[in-house]
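S.K.: Pasting a structure here, questions to come.
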């Protein structure tokens, strides 16, 4: 099973961390899976919070918790209004608790971003070559375990011959590779950028079964359906702010990182020159932005084919026991209005930002 749902600890920390509603603007409690708000989450944290949500008349209270399972649990408990988890967490909760009625309405990570990676000089060339190898993951409960098994199965390999080892993140992953504790990594785009930032060049493995047209819907904004129906205008504004933030960050990555550091000072790397600190901030953000793009002309969109492709992976990896139709979890009805803004004006604003 992908998720083992947290109970007391995460929820208690959320109760402590939640802010009181502001007198200014509509308040939305937005939960993220990143307790330290790293730069790869810029499009749904700092940039819209600093610029675009206030323009929309929203007072967004960001609450970061450690992991998708914690934040989706908080959403289910009513401690946040909207969550921004990996979509796999949404599917897992819906399977574990069939009476939970959730709706995803905006895709914040559009492309599949969790292909395994190997050191650039590795003899491993294909997904099939991973059979019998040891794969490093952040922890053994991560979705990448099931997804890597699914990828190998789709390539005709025997997933039972894969071995997984928990190696933490960042420098711990680097050491695991350098000391040959693992042969490959199975994490995600921004984490690979962090590893490469530590001096270990990587090569992302490819699969004919995976591309942005066939598999998407990787990270989403999700709410309870009752909240969604009662707050459609508010959620449209929330989504529009994120769409504008995506355009801004792509147009001026360094300005986006500076805004992020201003919003979350603890996220700026310490003990480095300004240039090196900026590089450490920009690289994971750019890696994520490669998987953040318009689909059929709309920011935040996913096609039924992309959702079905992701569901197929979850089924193949054993995360899901039965198919979940896209219409059960996905409602794109806010997206046209959320995309109703002047993209060139946002680009000009970004380029002028210092």
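S.K.: May I have the pair-distance distribution P(r) for the chain, computed from all Cα-Cα distances with 20 Å bins from 0 and rounded to whole percent?
M.R.: 31, 60, 9
S.K.: For a quick check: sort 327, 143 by the number of other beta carbons within 10 angstrom, fewest at the front.
M.R.: Sorted ascending by nearby Cβ count, the order is 327, 143.
S.K.: Hey, in the GNM for the chain with a 10 angstrom Cα cutoff, which one of 113, 121, 211 fluctuates hardest?
M.R.: Per the Cα network of the chain with a 10 Å cutoff, 121 tops the list.
S.K.: Quick one: Cα centre-to-centre distance for segment 164-233 and segment 28-57, in angstrom?
M.R.: Using only Cα atoms to place each centre, the spacing works out to 20 Å.
S.K.: Here's another thing I want to ask about it. Just the number, please: percent antiparallel of the DSSP beta bridges in the chain, rounded to the nearest 5.
M.R.: 45
S.K.: Along Cα→Cβ, 7 Å out, is where each label goes; now give me the distance between the ones at residue 180 and residue 55 in nm to one decimal.
M.R.: 5.5
S.K.: If you take the square roots of the eigenvalues of the alpha-carbon gyration tensor of segment 23-133 and sort them as a ≥ b ≥ c, do you get rounded (a/c under 1.5), prolate (a/b over b/c) or oblate?
M.R.: Judged from the Cα gyration tensor, segment 23-133 comes out oblate (a/c at least 1.5, b/c at or above a/b).
S.K.: A follow-up question, please. Which of 76, 158 has the fewest other C-beta atoms within 10 Å, and how do the rest follow up to the most?
M.R.: Least to most surrounded, the residues fall as 158, 76.
S.K.: Quick one: check the C-alpha center-to-center distance for segment 301-335 versus segment 72-96, whole angstrom.
M.R.: Going from one Cα centre to the other spans 15 Å.
S.K.: Can you compute the FRET efficiency between residue 165 and residue 100 using 1/(1 + (r/R0)^6), with r the Cβ-Cβ distance and R0 = 30 Å? Round to the nearest 0.05.
M.R.: It comes out at approximately 0.35.
S.K.: Turning to a different aspect of this structure: So how do 44, 227, 52 line up by other beta-carbon neighbours within 10 Å, fewest first?
M.R.: 227, 52, 44
S.K.: How long is the gain from residue 336 to residue 126 if the chain were fully straight, where each residue apart is worth 0.36 nm and the alpha carbon distance is subtracted?
M.R.: Length gained, residue 336 through residue 126: 71.7 nm.
S.K.: Taking a ≥ b ≥ c as the square roots of the Cα gyration tensor eigenvalues, with a/c under 1.5 meaning rounded and otherwise prolate when a/b beats b/c, else oblate, which class fits segment 154-224?
M.R.: Oblate is the answer for segment 154-224, as a/c is 1.5 or above yet b/c matches or exceeds a/b.
S.K.: For segment 238-259 and segment 114-154, compute the distance between their C-alpha centroids and round to whole Å.
M.R.: Using only Cα atoms to place each centre, the spacing works out to 32 Å.
S.K.: Another question, then. What fraction of the DSSP beta bridges in segment 117-204 is antiparallel, stated in percent and rounded to the nearest 5?
M.R.: 40
S.K.: Considering the convex hull of the alpha carbon atoms of segment 117-204, report its projected area averaged over all viewing directions, in nm², one decimal.
M.R.: Quarter of the Cα hull surface area: 4.9 nm².
S.K.: Turning to a different aspect of this structure: Rounded, prolate or oblate, given the Cα gyration tensor of segment 197-261, with a/c below 1.5 counting as rounded?
M.R.: Because a/c hits 1.5 or more and a/b fails to exceed b/c, segment 197-261 counts as oblate.
Each value in this text was obtained by applying a stated rule to the coordinates, not by laboratory testing. These numbers were taken from a predicted model, which means no experiment stands behind them. Please note: Cβ atoms are built from the backbone with ideal geometry, for glycine as well, and neighbour counts cover all protein chains shown.
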